[in-house]
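Scroll down for the structure; my scribbles are underneath it.
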Amino acid sequence: MIRPILIHPDPRLKKVCDPVAEITSEIRRLAEDMLETMYDAPGIGLAAPQVGVTKRLIVMDCIKEGPPEPIVLVNPQVIWGSEELSTYEEGCLSIPDQYADVKRPAEVQVRWTDLEGQPQERQFAGLWATCVQHEIDHLDGKLFIDYLGPLKRQMITRKMEKLKRERARTG
Ligand code: K2U
Ligand code: ZN
């Protein structure tokens with residue numbers, strides 16, 4: 001089912017998430033709901049804390065054309081990052097309609113466990129690299145606005161507080 005996406009500022013988006021100890025049917029259901037929620041947004045990635053579950057689980061599908069290529073990463077960790085950096089104008093489903101340039105390693109090697117409990121390892125580049133780093137940041141309570149200067153971050157936070165007040169009023 002589609003789950004509501006938390007909007008910044010929210011303490012659950014700042015928490016360091018707990019590792020997934022065991023791949024239960026509940027975890028599999030959460031991954032399924034996160035993919036459905038991501039496609040509905042639409043987005044190309046989503047982290048569990050964004051739907052209020054502070055566990056180390058992310059989903060991604062950065063394919064623009066062609067058949068969808070959903071990927072579920074349990075307890076993902078970046079084990080290598082390139083010296084070379086790339087800049088991408090990032091957005092976030094928890095910070096709607098705000099975009100800013102963020103520099104990150106252009107390529108990363110990531111290790112994770114898949115839903116079958118098998119260890120996986122893959123090198124990501126391009127938009128996939130940006131997305132997987134953006135999602136793993138979410139698991140450590142870090143948002144893309146944390147890479148911006150304090151004034152720009154504060155301006156965006158104020159806009160989100162206003163948006164939440166309006167949403168609370170209009171329901
Ligand atoms: O974590 C999220 O909020 C999902 C983001 C992931 C993302 C942000 C920046 C750059 C790459 C991935 C959403 O997908 S934001 C929507 C979006 C869609 C296409 C390209 C970039 C951002
Ligand atoms: Zn995000």
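The values are calculated or read from the model by the stated rules, or taken from the named source; none is laboratory data. Source: prediction; values computed, not measured. Every residue, glycine among them, receives a Cβ derived from its backbone with ideal geometry; neighbour counts consider all protein chains shown.
Worth pointing out:
- Residue 12 meets each of the listed conditions (1) more than 14 Å from residue 133 (Cβ to Cβ); (2) modelled with pLDDT of 95 or more; (3) assigned to a loop (DSSP other than H, G, I, E, B) apart from (3).
- For the range 81-114, the set of residues classified as in contact (Cβ under 8 Å) with a residue 40 or more places away in the chain, within 30 Å of residue 161 (Cα to Cα) and part of a strand (DSSP E or B) consists of 88, 90, 100, 102, 103, listed by residue number.
- The residue that is nearest to ligand 2 (Cβ to nearest atom), counting only those in the range 10-33 that are in contact (Cβ under 8 Å) with a residue 24 or more places away in the chain and within 25 Å of residue 165 (Cβ to Cβ), is 13.
- Given (1) assigned to a strand (DSSP E or B); (2) more than 16 Å from ligand 2 (Cβ to nearest atom); (3) farther than 21 Å from residue 146 by Cα, number of the condition residue 63 does not satisfy: (1)
- The range 34-50 residues that are farther than 15 Å from residue 64 by Cβ, paired with ones that are within 12 Å of ligand 2 (Cβ to nearest atom) and among the polar types (S, T, N, Q) (beta carbon under 6 Å, 6 or more apart): 50/94
- Of all residues in the range 32-70, those being over 19 Å from residue 8 (Cα atoms) and β-branched (Val, Ile, Thr) number 2.
- Output for the range 9-34, where each listed residue is within 12 Å of residue 115 (Cβ to Cβ) and among the β-branched types (Val, Ile, Thr): 20, 23, 24, 27
- Of all the listed residues (6, 35), the sole one being surrounded by 14 or more Cβ atoms within 10 Å (Cβ to Cβ), part of a loop (DSSP other than H, G, I, E, B) and modelled with pLDDT of 95 or more is 6.
- Residues being within 20 Å of residue 89 (Cβ to Cβ) and not in a helix (DSSP H, G or I) - total across the range 144-171: 2
- Unique match (being surrounded by 13 or more Cβ atoms within 10 Å (Cβ to Cβ) and either at positive phi or part of a strand (DSSP E or B) (or both)) among 117, 141: 141
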